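Contents: one structure, followed by commentary.
The values are calculated or read from the model by the stated rules, or taken from the named source; none is laboratory data. Quantities reported herein were computed from a predicted structural model and do not represent experimental measurements. With ideal geometry, Cβ positions are generated from the backbone for all residues, glycine too; neighbour counts draw on all protein chains shown. Heads up: the accessible areas ignore ligands, DNA and RNA and are worked out on the full protein's heavy atoms, side chains in. Shrake-Rupley method; radii C 1.70, N 1.55, O 1.52, S 1.80 Å.
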Amino acid sequence: MRRIYADNAATTAVSREVLDAMLPYFCESYGNPSSLHAVGREAKKALDAARATVAAALNCDANEIYFTSCGSESDNWAIRGGAHSKKGKKHIITTKIEHHAALHACKALEKEGYEVTYVGVDENGYVDPADVAAAMREDTALVSVMMANNEIGTIQPIKEIAEIAHNGGALMFTDAVQAVGNIPVDVKELGVDMLALSGHKIHAPKGIGALYCKKGVRPDVLIEGGGQERGRRGGTEALASIVGLAKAAEIANAELSEMDKVAALRDKLIDGILERIPYSRLNGGRSPRLPGNVNVAFEFIEGESLLLLLDMEGICASTGSACSSNSLEPSHVLLATGLPVEKAHGSLRLSISKDTTEEDVDYILEKLPPIVQRLREMSPLYEEVAKNSK
Amino acid sequence: MDYSEKVMDHFAHPRNVGEIEDANGVGTVGNAKCGDIMKMYLKVDDSEIITDVKFKTFGCGAAIATSSMATEMIKGKSINDALGLTNKAVIEALGGLPAVKIHCSVLAEEAVKSAIADYYKRKGIENDLTREMDCNGCCGCEHDHHHHDTEEE
Ligand SMILES: Cc1ncc(COP(=O)(O)O)c(C=O)c1O
């Protein structure tokens with residue numbers, strides 16, 4: 001059966017080139033970069049090179065890059081460590097649409113006695129910098145706003161928000177896990193103090209991430225250890241994964257212009273869905289939006305059953321419905337845009353990548369409408385609508 | 001999420017989907033906010049046998065599968081037998097449900113009871129089934145659910 005992977009916001013395939021770059025670091029150059037001997041020195045050389053590559057991709061210095069175990073660790077380190085490093089300041093500003101890794105790190109700070117302001121978004125899923133400015137206080141330690149949203153793909157005005165944070169003497173952190181590799185990410189241009197990224201969203205493996213910390217910005221250490229990462233993050237470096245992350249970042253940067261093609265397919269998908277399926281609505285504004293993100297709410301149906309039927313046709317997607325997760329609430333992101341709970345249950349996210357073809361998009365546009373219709377015919381909520389339109 | 005083969009079968013090929021024009025018992029349970037609504041239509045004959053049953057469901061795979069299974073289990077049965085249908089029996093018939101989906105089976109049981117309650121009401125027969133059944137507890141609200149078996153199979 002044909003299989004179309006349209007869940008790249010959840011994770012991506014490791015690319016062949018990335019895997020090839022990694023392979024020597026398992027059985028041949030397997031050294032510990034901290035070891036003094038030849039095998040260790042070889043590893044150290046690869047580590048340094050990888051750090052330089054990631055730094056180049058973000059336009060910073062190599063010694064501003066710290067490797068971590070994942071995006072979640074980077075988020076936790078930046079938010080908790082960043083807040084703790086601002087002694088005496090007890091206020092955090094973030095948004096209602098952050099990834100749980102960032103959101104729950106803020107919740108953890110609340111338990112320690114920090115006050116957190118959760119700035120809302122407009123109906124299109126954008127943060128208004130004026131709201132951040134209005135929330136600033138004397139004791140604001142940190143402003144944490146994600147660069148691009150994983151569910152609805154909206155891209156936030158990070159540069160403006162960073163200026164506001166700095167004018168108020170706060171640190172600025174952005175979770176750029178979904179942005180890196182998809183849109184230009186230049187830490188100098190953005191003016192942020194810290195920025196998180198993750199390997200598995202850019203065709204590198206799962207379980208590797210990085211945190212950019214601007215020179216002089218020193219979030220309190222989260223993982224104590226044997227002095228790795230210049231004493232800032234313990235743990236023997238996951239060299240193969242680090243090399244993979246660097247390769248992926250390098251490729252993504254070199255091929256950033258490819259993303260225009262992805263964006264064109266995204267638009268075809270959005271327009272095609274909205275044209276073919278009545279009672280549907282795009283979640284998240286059209287622009288600026290991640291090139292691969294499509295998120296649509298279909299009235300009268302529930303997302304999990306939609307996913308199951310799409311899966312039967314070989315289409316892998318995701319939903320913001322509560323029923324597909326272990327929680328009882330539908331997506332906090334969709335609710336933050338003002339989407340009513342019942343409509344949030346009927347949301348579908350398709351996240352495409354540069355591996356997605358026009359034929360894939362056509363296939364989705366062919367399969368999706370009858371599936372939505374089939375579920376609507378089964379839905380008691382659709383009865384009235386169907387009767388009125390007869 | 002791991003659904004049993006039976007669940008997937010009933011989800012992909014639901015039995016008894018639709019409406020009954022001249023139903024004499026109709027019940028709706030659940031709410032859109034929780035993410036599942038089941039509507040059940042019954043046609044009950046003079047000797048209190050359920051000669052036909054249909055359903056419509058807004059909800060997840062398990063909600064559709066439990067509705068489908070419940071309709072199969074009560075079709076051709078007496079009202080009394082149908083009242084004896086438990087969520088546990090529905091779970092068993094489906095070869096188990098993931099823990100987070102147990103509430104769907106509760107909803108299916110309640111949909112049957114709600115439709116029967118409506119049948120009684122239309123006939124003017126007193127019954128104790130008319131208690132509020134518009135929430136199955138999935139939204140975290142505090143209702144009395146302990147009479148149901150909520151163990152994972
Ligand atoms: C925006 C965002 N932040 C953080 C994460 C967490 O990254 P990781 O899975 O590497 O922990 C993800 C993805 O899961 C994400 O989409």
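Identify the residue in segment A:73-103 that is under 23 Å from residue A:320 (Cβ atoms) and away from the ligand (no atom under 11 Å from the Cβ) and, among all such residues, is nearest to the other protein chains (Cβ to nearest Cβ).
The residue in question is A:96.
Out of everything in segment B:7-19 that is more than 11 Å from chain A (Cβ to nearest Cβ) and charged (D, E, K, R), what residue ends up being nearest to residue B:41 (Cα to Cα)?
Taking the candidates together, the pick is B:15.
So for segment A:19-34 (the condition being more than 16 Å from the ligand (Cβ to nearest atom), within 25 Å of residue A:216 (Cα to Cα), of a type outside the set (Ser, Thr, Tyr) and open to solvent by less than 20 Å² (accessible area, probe 1.4 Å)), does at least one residue qualify? Spell out how you get there, then give the answer.
Residues of segment A:19-34 more than 16 Å from the ligand (Cβ to nearest atom): A:19-34.
Going one step further and asking which of them are within 25 Å of residue A:216 (Cα to Cα), we end up with A:33-34.
Those still in the list that are of a type outside the set (Ser, Thr, Tyr) too: A:33.
Among the residues that remain, those that are also open to solvent by less than 20 Å² (accessible area, probe 1.4 Å) are: A:33.
The answer is yes, given that some residue of segment A:19-34 is more than 16 Å from the ligand (Cβ to nearest atom), within 25 Å of residue A:216 (Cα to Cα), of a type outside the set (Ser, Thr, Tyr) and open to solvent by less than 20 Å² (accessible area, probe 1.4 Å).
How many residues are open to solvent by 10 Å² or more (accessible area, probe 1.4 Å) and either away from the ligand (no atom under 15 Å from the Cβ) or over 20 Å from the mean Cα position of the chain (by Cα) (or both) when one looks only at segment A:56-72?
Of the residues in that region, 8 qualify.
Among A:207, A:181, A:191, A:125, which is open to solvent by 30 Å² or more (accessible area, probe 1.4 Å) and either at pLDDT below 95 or at positive phi (or both)? Talk me through it step by step, then tell me what you get.
On the way: A:181 fails: open to solvent by 30 Å² or more (accessible area, probe 1.4 Å); A:191 fails: open to solvent by 30 Å² or more (accessible area, probe 1.4 Å); A:125 fails: open to solvent by 30 Å² or more (accessible area, probe 1.4 Å).
So the residue among A:207, A:181, A:191, A:125 that is open to solvent by 30 Å² or more (accessible area, probe 1.4 Å) and either at pLDDT below 95 or at positive phi (or both) is A:207.
If residue B:23 meets every condition in (1) open to solvent by less than 40 Å² (accessible area, probe 1.4 Å); (2) of a type in the set (A, V, I, L, M); (3) in a helix (DSSP H, G or I) apart from one, which number is that one?
Failing condition for residue B:23: (3).
For segment A:147-174, how many residues meet the condition of being assigned to a strand (DSSP E or B) and within 11 Å of the ligand (Cβ to nearest atom)?
Residues in segment A:147-174 being assigned to a strand (DSSP E or B) and within 11 Å of the ligand (Cβ to nearest atom): 2 in total.
Any idea which of A:282, A:274 is surrounded by fewer than 17 Cβ atoms within 10 Å (Cβ to Cβ), among the aliphatic types (A, V, I, L, M), away from every other protein chain (no Cβ under 14 Å) and farther than 28 Å from residue B:2 by Cα?
Exactly one of A:282, A:274 is surrounded by fewer than 17 Cβ atoms within 10 Å (Cβ to Cβ), among the aliphatic types (A, V, I, L, M), away from every other protein chain (no Cβ under 14 Å) and farther than 28 Å from residue B:2 by Cα, namely A:274.
I want to confirm something. Restricting to segment A:128-146 and keeping residues that are in a loop (DSSP other than H, G, I, E, B) and open to solvent by 10 Å² or more (accessible area, probe 1.4 Å), which single residue is farthest from the ligand (Cβ to nearest atom)?
A:138
Look at residue A:14 and say whether it is open to solvent by 40 Å² or more (accessible area, probe 1.4 Å), within 24 Å of the chain's Cα centre (by Cα) and within 16 Å of the ligand (Cβ to nearest atom).
Yes; evaluated as a whole, the condition is true for this residue.
Given the structure, is residue B:22 more than 12 Å from chain A (Cβ to nearest Cβ) and within 18 Å of residue A:383 (Cβ to Cβ)?
yes
Inspect all residues belonging to segment A:270-282 and state whether any of them is among the small types (Gly, Ala, Ser) and within 19 Å of residue A:150 (Cα to Cα).
Looking through segment A:270-282, none of the residues is among the small types (Gly, Ala, Ser) and within 19 Å of residue A:150 (Cα to Cα).
Is it the case, given these coordinates, that residue A:108 is part of a helix (DSSP H, G or I) and away from the ligand (no atom under 11 Å from the Cβ)?
Taking the combined requirement at face value, the residue satisfies it.
So residue B:71 ticks every box in (1) open to solvent by 10 Å² or more (accessible area, probe 1.4 Å); (2) more than 27 Å from residue A:344 (Cβ to Cβ); (3) not aromatic (Phe, Trp, Tyr) but one. Which box is left unticked?
(1)
Just give me the residues in segment A:210-221 being outside any loop (DSSP other than H, G, I, E, B) and either surrounded by fewer than 23 Cβ atoms within 10 Å (Cβ to Cβ) or near the ligand (Cβ under 9 Å from one of its atoms) (or both), in sequence order.
Hits for segment A:210-221: nothing passes.
Please list, ordered by residue number, the helices (runs of 4 or more DSSP H) wholly in segment A:288-389 having 3 or more residues that are closer than 18 Å to residue A:8 by Cα, more than 20 Å from the chain's Cα centre (by Cα) and more than 13 Å from chain B (Cβ to nearest Cβ).
Ranges flagged: A:358-377.
Any chance you could count how many residues in segment B:27-43 are facing chain A (nearest Cβ under 8 Å), surrounded by fewer than 24 Cβ atoms within 10 Å (Cβ to Cβ) and among the charged types (D, E, K, R)?
2
Consider residue A:53 carefully, then state whether it is in contact (Cβ under 8 Å) with a residue 12 or more places away in the chain and within 13 Å of the ligand (Cβ to nearest atom).
In short, no.
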